[in-house]
């Protein structure tokens, strides 16, 4: 009986060792990062707050529950979070958007570290670099909140527009190259709109620009 127990234990240990040696490695197909300058304005266009935010997503063919850890170049800031999942053209992306240091704060440039932890204990560590861009291009925009008219200058080729209600639910969204938009005609229930978002990419500054008007 003792010999059988010893034999069974050896078999279990062998199977565990075999599994640990042959299970596929945890690999990434790519890392996608982006920096955004987020600014909040009141209905008259006065700046009320501004900050930079970071988006980090990894690309993988493996569906998994992932924990992710992102650390700044100086090692003073670390975000630990469960990765959210997004699917684009049937490809899985895991990560998080909106990582920031707080109001009026910019993100440090340099080499950041990213650590991804799978639920089965496998981990992988990669690095990515945030580079300093040129000064953001001046982009003039003016909102007439009473009439529901938005005027943009012609320096940006394409701008995303989003209208939200008081619960921040999307009422209307579009991409436009027009300089003047009659938002109240695009969304006739104008009195429901409480937030207006603009977004465009500034190539020189190497970051997205996001502006929110609060009505």
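Some observations on this one:
- Out of 125, 137, one residue alone is part of a loop (DSSP other than H, G, I, E, B) and either under 22 Å from residue 208 (Cβ atoms) or at pLDDT below 95 (or both). It is 137.
- A single entry from 53, 60 fulfils the requirement of being surrounded by 13 or more Cβ atoms within 10 Å (Cβ to Cβ), under 24 Å from the mean Cα position of the chain (by Cα) and modelled with pLDDT of 90 or more: 53.
- Test: residue 143 is farther than 30 Å from residue 30 by Cα and not in a helix (DSSP H, G or I): yes
- Residue in region 196-203 that is over 28 Å from residue 59 (Cα atoms), touching a residue at least 40 places away in the same chain (Cβ under 8 Å) and not assigned by TED's automatic domain parsing to the domain that holds residue 79 present: yes
- Taken over region 68-85, the residue count meeting the criterion of being in a loop (DSSP other than H, G, I, E, B), in contact with a strand residue (DSSP E or B) (Cβ under 9 Å, 6 or more places away or on another chain) and farther than 19 Å from residue 122 by Cβ is 5.
- Note on region 73-107: residues that are under 26 Å from residue 29 (Cα atoms) and free of Cβ contacts under 8 Å to residues at least 24 places away in the same chain total 12.
The values are calculated or read from the model by the stated rules, or taken from the named source; none is laboratory data. The shown structure was predicted, so the numbers you read here are calculated from the model rather than taken from an experiment. All Cβ positions, even for glycine, are placed from backbone atoms using ideal geometry, and neighbour counts span all protein chains on display.
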